[in-house]
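No value in this document is a laboratory result; all are computed from the given coordinates. Predicted model, so just to flag it, every value in this text is computed and none were measured. Please note: Cβ atoms are built from the backbone with ideal geometry, for glycine as well, and neighbour counts cover all protein chains shown.
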Amino acid sequence: MRGPPMPKTLLALLFLPTLAHAGERWPEFRGPTADGHSDEKNLPLHWDEKTNIRWKTKIHGKGWSSPVLWGKQIWMTTAPPDGKELFAVCVDRDSGKIVHDIKVFSIAKPAFCHPFNSYASPTPAVEEGRVYVHFGSAGTACLDTASGKVLWTRQDLPCDHFRGPGSSPILFGDLLILTFDGFDENYLVALNRKDGKTVWKAERNIKPDQSDGDWRKAYSTPAIIKLQDRSLLVSPGAMTSIALDPATGKEIWRVKHGGMNAASRPIFHDGKAIFTTGYNRGKSLVAVRIDGRGEVTQSHVAWTYDRGVPTRPSPLLVGDLLFLISDQGFATCLEAKTG
């Protein structure tokens with residue numbers, strides 16, 4: 001989840017031309033390596049209404065989802081401010097022409113969404129022939145990218161987001177993995193990409209230190225790292241973050257850190273997962289060694305940092321340097337090894 005961004009029109013204006021130069025695939029939130037990196041060269045460093053703009057397309061509604069790219073198709077989601085209709089929009093990469101504008105769901109009584117959020121904040125995930133759009137508990141759908149036909153939907157995954165949805169779907173093998181961290185429910189679920197049926201569900205099993213369920217909320221998107229003999233999914237959440245086997249949903253370890261509304265996507269460096277923990281008590285940046293088992297709070301926290309830590313923007317790793325942008329717009333650079 002990101003903070004209040006610019007209108008959807010400007011998202012197309014500023015970011016999509018960059019994607020149009022950045023190779024053929026940007027398949028999910030933060031790109032193909034889940035860390036915001038692109039290998040493309042000679043990308044524009046400056047742009048305005050007259051400079052380095054290939055095209056500009058207005059997208060109706062309000063949506064904080066990032067665009068994803070596959071070949072010549074750019075997909076995003078949007079919704080009117082009242083949340084009664086949820087759309088998937090596809091734009092041609094080269095011309096900016098709208099290829100598909102599909103109403104995926106009609107919602108008779110949308111749940112509350114705070115004005116700083118939107119009903120279309122989760123970023124889609126795309127692969128050859130299919131795009132997966134997610135609107136939190138309001139619904140998840142798989143669409144054919146050529147025809148725009150809806151192939152399957154799910155609207156039976158409960159969660160009171162309380163402020164609106166934010167976590168984005170990710171792909172792993174034959175699975176589409178979703179995160180639900182709300183006022184009431186806190187779990188991850190893996191769906192079969194072909195038919196949308198549930199393969200596994202993993203409860204976060206957090207115990208808030210207050211009766212107020214607001215302390216249970218989070219908006220983070222998990223990240224997966226491939227190890228020598230297995231893969232590991234790391235999912236930040238309120239007060240506690242967990243690592244799972246992404247194939248089965250089995251919990252590998254958990255770490256307690258306090259805080260709520262964790263929203264950044266983890267990054268990995270030198271055997272550690274690095275992520276922010278959200279608002280209020282315990283607000284910090286945490287580096288956890290990923291080779292642990294069970295409860296690792298006392299044994300595997302390598303370092304923490306708590307000055308100017310953002311609550312929404314994800315950190316960026318360049319070599320051994322870690323870059324942060326605070327909610328107030330201040331930049332910080334840390335040594336990733338030591339914090």
- As straight-line cross-link partners of K201, the qualifying lysines (C-alpha separation under 24 Å, not fewer than 8 residues apart within one chain) are K217, K226, K250, K256
- DSSP loop GluC sites (Glu not before Pro) with at most 14 other Cβ within 10 Å: longest gap in the chain: 129-339
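For region 1-168, compute Rg over Rh where Rg is the Cα radius of gyration and Rh is the Kirkwood radius from the inverse mean 1/r over Cα pairs. Write down the numbers at each step before the final one.
Details: Rg = 15.3 Å, Rh = 16.1 Å.
Ratio of gyration radius to Kirkwood radius: 0.95.
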- region 98-174: trypsin sites (Lys or Arg not before Pro) in DSSP loop, at most 11 other beta carbons within 10 Å: K149
- Note on the structure: Sorted by chain and then number, the residues having a modelled amide H within less than 5 Å of the amide H of E185, at least 5 places away or on another chain, are D160
- Note on the structure: Listed by chain and number, the residues whose amide H is under 5 Å from that of S264, excluding neighbours fewer than 5 places away on the same chain and using placed H, are T276
- Item | Using distinct alpha-carbon pairs, which all enter the 1/r mean, Kirkwood radius of the chain in Å | 20.1
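Out of all DSSP beta bridges with both ends in region 220-339, state the antiparallel percent to the nearest 5.
If we restrict to bridges inside region 220-339, about 95 percent are antiparallel.
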- Message: Strictly over 23 Å apart at the Cα level, which of K58/K84; K109/K194; K194/K272 would you flag in this model?
- Response: K109/K194; K194/K272
- Query: Just how far, in whole angstrom, is region 158-203 from region 76-96 if you go by their alpha carbon centroids?
  - Reply: 21
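Suppose the chain between N192 and D229 were pulled fully straight at 0.36 nm per residue; how much longer would it get relative to their current alpha carbon spacing? Before the final figure, lay out each step's value.
Details: separation 37, 0.36 × 37 = 13.32 nm, distance 2.32 nm.
Gain on stretching N192 to D229: 11.0 nm.
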- Enclosed volume per residue, in Å³, of the convex hull spanned by Cα atoms of region 220-339: 90
- Task: Convert each backbone phi in region 94-106 into a coupling constant with the Karplus relation 6.51 cos²θ - 1.76 cosθ + 1.60 (shift: θ = phi - 60°), then list the ³J(HN,Hα) values in order as whole Hz, x for Gly and Pro.
- Result: 7, 10, x, 5, 6, 8, 9, 9, 10, 7, 7, 9, 10
- Query: What distance in nm separates the simple spin-label points at L43 and T338, each placed 7 Å from Cα in the Cβ direction?
  - Reply: 3.1
- Message: Based on the alpha-carbon set only, what is the convex hull volume of region 79-177 divided per residue, in Å³?
- Response: 110
- Sum -39500 (n - 2.57) across every DSSP H segment of at least 4 residues in the chain, then divide by the residue count to get the 222 nm mean residue ellipticity, nearest 500. -1000 deg cm²/dmol
- Message: Can you compute the modelled spin-label distance between A146 and F323, with each label point 7 Å from Cα toward Cβ, in nm?
- Response: 4.0
- Task: Extending each Cα 7 Å along its Cβ direction at D214 and W55, get the distance between those two points in nm, one decimal.
- Result: 4.4
- Principal axis dimensions, largest first and in whole angstrom, of region 245-302 by Cα: 31, 23, 21
